[in-house]
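What follows draws every value from the coordinates through simple rules; no lab data is involved. Fair warning: this is a prediction, and the values are worked out from it, not measured in the lab. FYI the Cβ positions are ideal-geometry reconstructions off the backbone, even for glycines, and counts take in every protein chain you see.
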Amino acid sequence: MHKICGMNPTPSRQIRRLWSIVAILTLLAVGWEAYKWIGETTGGVWPGTTTRLPIRTNSRSMPHLWDIAVSLFRPARRGGEDILLVILLRAGWFTLRSALVGFVAGCSIGFGLGLLFVRSRLAERGLMPYVVASQTVPVIAIAPILVVWGGRLDLPKWVSVAAISAYLAFFPVAINTLRGLRSPAATATELMRSYAASPNQTLLKLQIPAALPFLFPALKVAATASVIGAIVGELPAGLADGLGRAILGFASSFSSAPEKLFASVVVSALVGLVFVGVVALVERLVLPPTRRIDPTEAAASP
Amino acid sequence: MTDAVVLNDVSMVFNQGGDNQVHALSEIDLTIEPGEFISLIGPSGCGKSTLLRLIGDLISSTDGRVEVNGKPAHLARTDRDYGMVFQSATLLEWRSVLANVTLPLEIMGRSSVERQERGREMLDLVQLSGFEDHYPWQLSGGMQQRVAIARALAFAPSLLLMDEPFGALDEMTRERMQTELLNIWEATDTTVIFVTHSIPEAVFLSTRVVVMSPRPGRIVDVIDIDLAQPRTLDTREEQRFYELLTVVRESLRRADR
């Protein structure tokens, strides 16, 4: 039979999973510091050779992890009131709001396109090339255009940012919705036909429930993509309150305070992780374990 | 009495006029009376599943007349005159056993009370009482197929179309399911059309066995199975059972030539 053990992850399984996360983080941290130590001991070459290490190990290229951690709790500017972490979290929240709006809009559009394509081969054949092409245009080219258009329409700037976010988010959802709606076996479709079910009944009772396992991985991709879209979109929009401008600012003062750039990278990653985590939580509530697509399994299957 | 199924000079050609044209069925004539248990048997690719799908209006014939309960096949389908069972149980994995059985009733807009009542009744019929809240993946292959039969019978169709329903089951389960199916058939007055590869299965179950030739599929023989009803475990030991196996086997051999 199927994986009955996967039905209810026992507490010990969850603890083991938590341990593996902690172990990997520790390993990465130790690796980072060990690499630094090697570089500083040998003067920037592999031990016993004259081959240069690929990345410099001085505190500008690779600050000590504790320096990055400490910088989060120091005022960001000399004489400033707020510590860096608060500033970054505030910027993160600002960016996340645009990303959320973009995520919801993008996923709705993606889902709608999936529905349209599954109903109409003509629409799929006509529109799919543009849907695919839209993702080959780099977002840094699209972003200023959307900002200019938004400006002409007197929309608030965050709307343009959300639109850029949606532009990146809709694609995986459209593709996986279509794939999911087409996933029922031929016999299941014949079964609905034998009941003389209407197209809407077939959609609601068969196709959409069958599509859910395909939808959630797409929503996770869309969640990270919408955060990236929002960060990138803030730059041409000239929004100063988000992560985009914060990262750009710390990048320009990289030589004097590299740990602040690293800290903002960490916080940006956390914002994306929290977003994906929320989607994963919803998936856990909606889908029983037997119906979740394991990402490693999905990668292995054709 | 209206005939359950009338097939009149039915032909089926897939991809007509194309390079990959397949002549699946040719000149099929067959009349099935209400209450019969008919098996369609023949080599792989002889079009017996295609014939079943034509009767169910899941596909349309290229030529000829297909009538179910005195109506064209598509009207019989929209009147929900038949239930369908496939080789794979085709249960919806997100629905409990009971919710799978009541799916057709839900689509037909029956009340929640009626659905519950009828669903439990059907599960009782296929001896799965107590499994209402289980999910398909928790059941064995044989149990899943019983749920599929309960689902097909939930709206009391007069005709049951079965496409190799026991083909994926082991021999022991298969024989048990055959006996159960006959019990259900007797209890419900349903006409059954049953596609199979297995000669013993066809002979044990049927009132008539329809033998088909390889592509393009034709009916080469219709063999009356005059074994006493009800069929029991002893039926398979009877001399007449073996004689009929031989009759069907020789007919299949002739058809293959």
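One table, with the values for the structure above:
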read-out: Given (1) hydroxyl-bearing (Ser, Thr, Tyr); (2) away from chain B (no Cβ under 13 Å); (3) over 28 Å from residue A:73 (Cβ atoms), number of the condition residue A:198 does not satisfy; value: (2)
read-out: Identity of the residue in the range B:136-149, touching a residue at least 24 places away in the same chain (Cβ under 8 Å) and over 18 Å from residue B:167 (Cα atoms), that ends up farthest from the other protein chains (Cβ to nearest Cβ); value: B:136
read-out: Unmet requirement for residue A:193, which otherwise passes all of (1) within 14 Å of chain B (Cβ to nearest Cβ); (2) charged (D, E, K, R); (3) within 21 Å of residue A:103 (Cα to Cα); value: (3)
read-out: Which listed residue is more than 29 Å from residue B:103 (Cα to Cα) and among the aliphatic types (A, V, I, L, M), from A:243, A:212; value: A:243
read-out: Residue list for the range A:133-158, filter: within 14 Å of residue A:101 (Cα to Cα) and touching a residue at least 12 places away in the same chain (Cβ under 8 Å); value: A:157, A:158
read-out: Restricting the range A:224-248 to residues that are surrounded by fewer than 24 Cβ atoms within 10 Å (Cβ to Cβ) and farther than 22 Å from residue A:258 by Cα, the residue that is farthest from the chain's Cα centre (by Cα); value: A:238
read-out: Elements of type helices (runs of 4 or more DSSP H) in the range A:84-157, at least 1 residues being in contact with an Asp or Glu (Cβ under 7 Å, 6 or more places away or on another chain) and farther than 15 Å from residue A:171 by Cβ; value: A:84-119
read-out: Those helices (runs of 4 or more DSSP H) lying entirely in the range B:76-135 with at least 2 residues within 8 Å of chain A (Cβ to nearest Cβ); value: B:103-107
read-out: Residues of the range A:173-207 classified as more than 26 Å from residue B:162 (Cβ to Cβ) and surrounded by 17 or more Cβ atoms within 10 Å (Cβ to Cβ), total; value: 9
read-out: Residue within the range A:165-187 that is free of Cβ contacts under 8 Å to residues at least 24 places away in the same chain and of a type in the set (A, V, I, L, M) present; value: yes
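Conditions (1) assigned to a loop (DSSP other than H, G, I, E, B); (2) without any contact (Cβ under 8 Å) to a residue 60 or more places away in the chain, marked per residue:
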| residue | (1), (2) |
| --- | --- |
| B:8 | no, yes |
| B:13 | no, yes |
| B:25 | no, no |
| B:28 | no, no |
| B:43 | yes, no |
| B:46 | yes, no |
| B:52 | no, no |
